[in-house]
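The values are calculated or read from the model by the stated rules, or taken from the named source; none is laboratory data. Quantities reported herein were computed from a predicted structural model and do not represent experimental measurements. Glycine gets a Cβ as well: all are built from the backbone with ideal geometry, and neighbour counts include every protein chain shown.
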Amino acid sequence: MNNMKKFGFFLQVIALSALMLTFLSCEEDPQLPDNLVAFESAQLGFTSDEDELIININFSRSTANQGSITVNFEANGIVYGDDFTTSPQATGNTITIPVVAGASQVSFTISKTESVLLDGDESVTFSISNVVNGLVVGETTQLVLSFAEILAEQAIMNINGGGPTYPNKVFIDLSANRQTAVDRTSWDLGFFMGDDFRVTLNSSVTMMARAIDKTDLNAVNAADTVDFDDVMIVGANSSIEAMAWIDDPAGDLAKTAIASISVTASENKVYIVNRGASNPPSDPSQPIPSRGWKKIRIIRNGNGYTLQHADIAATSFQEIQITKDSQFNFRYISFENGVVNVEPAKARWDIAWTGFTNSTNFGAGFIPYYFQDIILQSRNGVETAELLITNAGTYEAFQESNLTGVTWLTTQIGIGAKWRSGGGPGSAPAVRSDRFYLVKDVDGNIYKLRFTALTQNGERGRPQIEFALVKKG
């Protein structure tokens, strides 16, 4: 073959390769499993004190396509338009929900009509009928919504953490078989609604706070924060000293980074706040880049709080007023958006799944360290217990008669990260199969709970739990 022919053949190979790459880039990766579509749960209760409820439909992963999902419904003892409505609005007995490319979840809202009177035995059964091209209907294709409070006997729940960047913190109410996923960057500080005056940091984004010896926010500038960015960090490069600048991982409110807010205004210092990071690094042992810095000061306002905040170099500040509300453990603020809704009312959740600023010991003492897949429990009287199969028997066999002698934990990290192994540098995480857990809610209901998956389709941030009622409260 002469040189010209060789050159021509070479060009043909390049053209054919480019064509094949173009073809493959337009096709969905054949190695990926089905992208499944399912309701978050098969049964939900619509309580008498709720006027509307958001129904979520989750995907196994983000979809590349846009279009719509069709949900049909059948009402029992209740009439659409007269007693309840939906958004999007139904046509006949069908709700069409738009899907945008990149979405990993869609939702619709069901609302009670004004002044409707219900007996509590009404229900609506929703069924997923059609989905966007590229999606496949999963297992939980039907949801029965009861217009009354339910007590879930058993369930399997796919936790909607949002995927490998852990965008959500998810609050779970076992008895209601309900989860509430919240963007973990949507708030900065939590204000305690109990008798004490305590303020917590958003640990899911590795926030830190450090007091300085000033009480005038306008008198604080960059000179007051020299070298703070070198030491106010979370990760393997952190130090023992930095433990004072995070909230106690066990949840002890006497050990928050921000001291108890004094009734004497002059005793409340200015704090320099590292707002943490939007996304954790792929390797949690590495330092986490900052979302930015703030200077804050908090004083009491009667039975509430006044938050003063500003950028470090600002010569004026903004104020946010926070009123105590006994229905909640905490109320939350965002520096950008003021008071925001985060966790449900304290009677409406038991445990939460999240990324979390914990601590670890690399040999020289404990330092702040970011943990993924942490389970926290509510401070509203929820208790947990860890049971090893070698001592307590299997999850399946455990029943009410086995409760004698159980040691209950009230620490926020009673479950924590103990349900999984690995996850550090060079260590693949996995669910521990040698243990399960008990959760006692504020009503005295006791559930057994085990983790059945760390991932969905190989993707972190979408674990699965199974739970069953052991004893009714």
| If you go through region 171-210 one residue at a time, how many are part of a strand (DSSP E or B), surrounded by fewer than 22 Cβ atoms within 10 Å (Cβ to Cβ) and aliphatic (A, V, I, L, M)? | 2
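For region 287-332, list the strands (runs of 3 or more DSSP E) that sit wholly inside it and hold at least 1 residues that are hydroxyl-bearing (Ser, Thr, Tyr) and in contact with a Lys or Arg (Cβ under 9 Å, 6 or more places away or on another chain); which are they? First the steps, then the outcome.
Working: elements: 293-301, 304-310, 318-323.
Ranges flagged: 304-310, 318-323.
Scan region 160-181 for residues that are polar (S, T, N, Q) and closer than 24 Å to Gly473 by Cα and jot them down. Before the answer, list the steps.
Within region 160-181, the first condition is being polar (S, T, N, Q), and the residues that meet it are 160, 165, 168, 175, 177, 179-180.
Selection gives Ser175, Asn177, Gln179, Thr180.
From the list Ser326, Ser316, Ser334, which one is surrounded by fewer than 22 Cβ atoms within 10 Å (Cβ to Cβ), among the polar types (S, T, N, Q), in contact with a Phe, Trp or Tyr (Cβ under 6 Å, 6 or more places away or on another chain) and at pLDDT 95 or above?
Numbers: Ser326 fails: in contact with a Phe, Trp or Tyr (Cβ under 6 Å, 6 or more places away or on another chain); Ser316 fails: in contact with a Phe, Trp or Tyr (Cβ under 6 Å, 6 or more places away or on another chain).
Matching residue, one of Ser326, Ser316, Ser334: Ser334.
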| Which condition number in (1) basic (Lys, Arg); (2) part of a loop (DSSP other than H, G, I, E, B); (3) surrounded by 15 or more Cβ atoms within 10 Å (Cβ to Cβ) is the one that Lys418 fails? | (3)
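I'd like to verify a number: residues in region 144-196 that are among the aliphatic types (A, V, I, L, M) and over 16 Å from the mean Cα position of the chain (by Cα), how many? Lay out the reasoning, then the answer.
First, pick out the residues of region 144-196 that are among the aliphatic types (A, V, I, L, M): 144-145, 148, 150-152, 155-157, 159, 170, 172, 174, 176, 181-182, 189, 193.
Applying the additional criterion that residues be over 16 Å from the mean Cα position of the chain (by Cα) yields 144-145, 148, 150-152, 155-156, 176, 193.
Qualifying residue count for the region: 10.
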| message | I'd like the full set of residues that are in a loop (DSSP other than H, G, I, E, B) and surrounded by fewer than 12 Cβ atoms within 10 Å (Cβ to Cβ), limited to region 78-92. | response | Val79, Gly81, Asp82, Gln89, Gly92
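Can Gln456 be described as of a type outside the set (Ser, Thr, Tyr), in contact with a Gly (Cβ under 8 Å, 6 or more places away or on another chain) and under 16 Å from Trp353 (Cα atoms)?
Details: of a type outside the set (Ser, Thr, Tyr): yes; in contact with a Gly (Cβ under 8 Å, 6 or more places away or on another chain): no; under 16 Å from Trp353 (Cα atoms): yes.
No, not satisfied.
Return yes or no: is Gln142 of a type outside the set (Val, Ile, Thr), modelled with pLDDT of 95 or more and closer than 28 Å to Lys346 by Cβ?
On the way: of a type outside the set (Val, Ile, Thr): yes; modelled with pLDDT of 95 or more: yes; closer than 28 Å to Lys346 by Cβ: no.
In short, no.
Being modelled with pLDDT of 95 or more and within 30 Å of Ile374 (Cα to Cα): is that true of Ser87 here? Quick ask: steps written out before the conclusion?
Working: modelled with pLDDT of 95 or more: yes; within 30 Å of Ile374 (Cα to Cα): no.
Answer is no for this residue.
Any residue in region 401-411 that is of a type in the set (Val, Ile, Thr), more than 21 Å from the chain's Cα centre (by Cα) and within 28 Å of Thr140 (Cβ to Cβ)?
First pass over region 401-411, keeping only residues of a type in the set (Val, Ile, Thr): 404, 406-407, 410-411.
So of that shortlist, the ones also more than 21 Å from the chain's Cα centre (by Cα) come out as 404, 406-407.
When the remaining residues are screened for being within 28 Å of Thr140 (Cβ to Cβ), the result is none.
So far as region 401-411 goes, no, none of its residues is of a type in the set (Val, Ile, Thr), more than 21 Å from the chain's Cα centre (by Cα) and within 28 Å of Thr140 (Cβ to Cβ).
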| said: Where the second residue is of a type in the set (Lys, Arg) and surrounded by 14 or more Cβ atoms within 10 Å (Cβ to Cβ) and the first is assigned by TED's automatic domain parsing to the domain that holds Ala42 and lies in region 106-129, which pairs have Cβ atoms under 8 Å and are six or more apart or on separate chains? | reply: Leu118/Lys112
| field | Looking only at region 378-400, and only at residues there that are farther than 16 Å from Lys471 by Cβ and of a type in the set (Asp, Glu), the one that is farthest from the chain's Cα centre (by Cα) | value | Glu396
| task | Check region 107-115 and report whether any residue there is under 29 Å from the mean Cα position of the chain (by Cα) and outside any strand (DSSP E or B). | result | no
